[in-house]
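What follows is calculated from the coordinates using simple rules that are stated; it is not laboratory data. This is a predicted model, so every value here is computed, not measured. Positions of Cβ are generated from backbone atoms using ideal geometry, with glycine treated the same way; all protein chains shown enter the neighbour counts.
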Amino acid sequence: MTEPVHFPLAAVVGAEELKLALCLTAIDPKIGGVLIEGPRGMAKSTLARGLADLLGEGPFVTLPLGATEERLVGTLDLDAALGQGRVQFSPGVLAKADGGVLYVDEVNLLPDHLVDLLLDVAASGTNRIERDGLSHRHSARFVLIGTMNPEEGELRPQLLDRFGFNVVLHGQPLPEARGQILRRRLAFDTDPAAFCAEWAPAQAELRQRCQAARQRLASIELDDRSLELITARCFAAAVDGLRADLVWWRAARAHAAWRGASAIEDEDIDAVAEFALRHRRREPEADSSQPPAPPPQTGQQPPAQDATGAGQWGEMPAQPVAVGARREVPAWPKKP
């Protein structure tokens, strides 16, 4: 069966931040994958497929919608067990993605335990199965690419933190960019082979640049100044744990290798800051050291309050009433 032709990453119009994030992940898969946020129709899957080509001959595997845990991790081969009486492993999606890209569309709609399992295997590079009398382990080294539309639900912070990068795609390209996107998409749909041949030199150049950066990666060390900058900025962002620090350093090193440099510079640290911090940065809490609001000036009435102390809009303030004043109340008329 012939493999489908994928749209070249080099031919994608715009989305420069996401393309950079994908290239850096191809240079150092230990960054931990990419979570892409954005509305429908933003070519998220097209960009993810382009990453598989940068990794070499690795497969591009999509997690089917509604996949079970058995489909994901693999299970006992029932035909071998029942027909031949032997225990044999039947590989799942994780085994098929080894050496390539595992693409999970709408990852925020998956059950939390499946997302947890995916992220555990992506981080360790090994899938372990202990079930149904089966004990098996296999290599599962892949780059995890997840997509989500925030309008359809969020991921828990504990799961967000497990993705190395978080990149947001915005749904309003400028008219000129929209025209280029349409032209290239129509050209690809008309003749995919001819379109890919046209973009083959640019795609090969991009692939060679990633391969050269991978070879250069190990020679770039973590110097004291870079370490101090990254840790200070992670502290200032009030991130939990140390995963942000580690991801940020790996990303800065990959960016230096991408530039062809031999050491990490400030521009490398700045270029990847938002990739590592966006989904980990905590909102600053209210500063309790600030003085309270001043009391109302003389002659001003405080706002009316309900039983909980909260003001009620539109309610008239209380009016003073003289103490001891008598009011004449007319009596009912007597019967004749």
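Charged neighbours of Ala256, selected by a Cβ distance under 10 Å, balance to 0 (K, R count +1; D, E count -1).
The peptide list 34-45, 258-269, put in order of mean Cβ contacts within 10 Å with the highest first, becomes 34-45, 258-269. Across segment 270-280, computed HN-Hα scalar couplings (Karplus, 6.51 cos²θ - 1.76 cosθ + 1.60, θ = phi - 60°) run 5, 5, 10, 4, 5, 4, 8, 9, 3, 8, 10 Hz from first to last residue, x flagging Gly and Pro.
Among 220-232, 15-27, sorting by the average number of other beta carbon atoms lying within 10 angstrom of each residue, highest first, gives 15-27, 220-232.
The calculated FRET efficiency for Leu182 paired with Arg137, based on their beta-carbon distance and R0 = 41 Å, is about 0.30.
The simple spin-label model puts a point 7 Å past each Cα toward its Cβ; for Glu267 and Glu154 those points are separated by 3.7 nm. Computed 3J(HN,Hα) for segment 98-114, one whole-Hz value per residue from the Karplus formula 6.51 cos²θ - 1.76 cosθ + 1.60 where θ = phi - 60°, is 4, x, x, 10, 10, 9, 10, 7, 6, 4, 6, 9, 6, x, 4, 5, 6, glycine and proline marked x. About its Cα centre, the dipole of segment 113-182 is roughly 320 debye, where the only charges are +1 on Lys and Arg Cβ and -1 on Asp and Glu Cβ. A simple rule links phi to the HN-Hα coupling: the Karplus curve 6.51 cos²θ - 1.76 cosθ + 1.60 with θ = phi - 60°, which for segment 230-245 gives 5, 5, 5, 6, 5, 5, 5, 7, 6, 6, 8, x, 10, 5, 4, 4 Hz, with x for Gly and Pro. Pull out a ≥ b ≥ c, the square roots of the eigenvalues of the alpha-carbon gyration tensor of segment 192-287, then state rounded if a/c is under 1.5, prolate if not and a/b is larger than b/c, and oblate in the remaining case. Since a/c reaches 1.5 but b/c is at least a/b, the shape of segment 192-287 is classed as oblate. The distance separating the Cα centre of segment 96-119 from that of segment 198-238 comes to 25 Å. Ordering 199-210, 175-186, 241-252 by mean Cβ neighbour count within 10 Å, with the highest value first, yields 241-252, 199-210, 175-186.
Considering only Val167, Gly41, Gly153, the residue lying farthest towards the positive end of the dipole of segment 9-217 is Val167, judged by Cα position with unit charges set on Cβ.
Using a Förster radius of 51 Å, what is the FRET efficiency between Thr190 and Asp224 based on their Cβ-Cβ separation? Nearest 0.05, please. Given R0 = 51 Å and the Cβ-Cβ separation, E is 0.40. Dipole orientation for segment 9-217: of the candidates Gly179, Phe142, Cys23, Cys23 has the Cα lying most toward the positive pole (charges on Cβ; Lys, Arg +1; Asp, Glu -1).
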